[in-house]
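The values are calculated or read from the model by the stated rules, or taken from the named source; none is laboratory data. Source: prediction; values computed, not measured. What goes into the accessible areas is simple: the full protein's heavy atoms, side chains included, and nothing from ligands, DNA or RNA. Shrake-Rupley method; radii C 1.70, N 1.55, O 1.52, S 1.80 Å.
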Amino acid sequence: MRRLVGAVRLLAGVGLLATIVIQINDRVLNNAFDPWEYFSYFTIETSLMNIVVFIVGGILAFRLSRDTELFTTVRMATLTYAIITAGVYNLLLRNVPYNGFQGLSWPNEVIHVWIPILIVLDWLISPGRPALSWKALRVVMIYPLLWLAYSLVRGAVSNGIYPYPFLDPATAGWGSVIAYIVALSLVLLGLAALAIVYSRRVGREAIRRQS
């Protein structure tokens with residue numbers, strides 16, 4: 001089972017990398033690739049994290065009987081980012097008109113739908129996951145807070161260019177921006193707490209079976 005999980009993780013990592021490369025190539029061919037804009041999206045940055053987590057996780061699954069606690073902590077954080085990415089895109093952004101380059105549609109579906117589903121399934125059913133301590137909860141907000149600070153500063157110094165409309169105060173004011181930030185932060189922490197609870201429950205069941 002661990003080897004099967006390893007193979008799936010490696011295929012997912014390579015497939016996601018290929019998807020991003022194809023999306024970038026499509027933009028380059030149409031003279032629509034702006035690296036500063038493209039790599040400023042939460043979705044793209046977390047997708048790059050997912051590539052690393054998938055590939056490292058695949059290698060660990062082939063080499064070790066259990067994932068390390070450090071890797072599992074990082075994996076738990078990227079799990080919450082993937083769920084947020086899927087939720088925000090499908091609930092808030094899917095039907096919002098976009099005036100920029102449209103490009104291929106299927107990479108967005110892979111990144112915003114299928115990869116998050118695979119990440120959730122991997123968390124739920126893959127064996128060899130250690131139980132996480134509650135200290136892991138502190139890791140979850142490190143990247144989002146850094147990304148948020150960067151995005152707000154970038155928007156302020158670039159004549160109001162924000163990666164998402166709900167972060168742009170011109171859309172509905174700073175009150176709306178703050179409300180979205182607080183709500184998404186609470187959701188992230190809630191998802192992380194659920195993931196930790198699940199890891200601890202599965203870890204206890206594994207110990208009972210071994211004893």
Could you please put 200, 9 in sequence from largest to smallest accessible area, using a 1.4 Å probe?
200, 9
How are the alpha carbon pair distances in the chain distributed across 5 Å bins from zero to the largest one, expressed in percent?
1, 7, 14, 18, 18, 16, 11, 8, 5, 2, 1, 0, 0
Go ahead and set up a Gaussian network model of the chain, Cα springs under 10 Å, then flag whichever of 156, 12, 136 fluctuates most.
156
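Summarise the accessible area of segment 1-108 (1.4 Å probe, protein heavy atoms) by the percent that is carbon and sulfur.
Working: 3800 of 5650 Å².
Ligands and nucleic acids excluded, carbon and sulfur give 67 percent.
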Can you compute log10 of I(q)/I(0) for segment 111-179 with the Debye formula, treating each Cα as one identical point scatterer, at q = 0.11, 0.15, 0.18, 0.25 Å⁻¹?
-0.47, -0.75, -0.88, -1.08
Just how much of residue 64 is accessible, in Å², when a 1.4 Å probe is used and the result is rounded to the nearest 10?
80 Å²
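Taking only protein heavy atoms and a 1.4 Å probe, what accessible area per residue, in Å², does segment 1-112 have with all protein chains in place? Each step should come with its number before you reach the end.
Numbers: 5760 Å² over 112 residues.
So segment 1-112 comes to 51 Å² accessible per residue, rounded to a whole number.
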Compare 45, 69 by solvent-accessible area with a 1.4 Å probe and give them largest first, with all protein chains kept in place.
69, 45
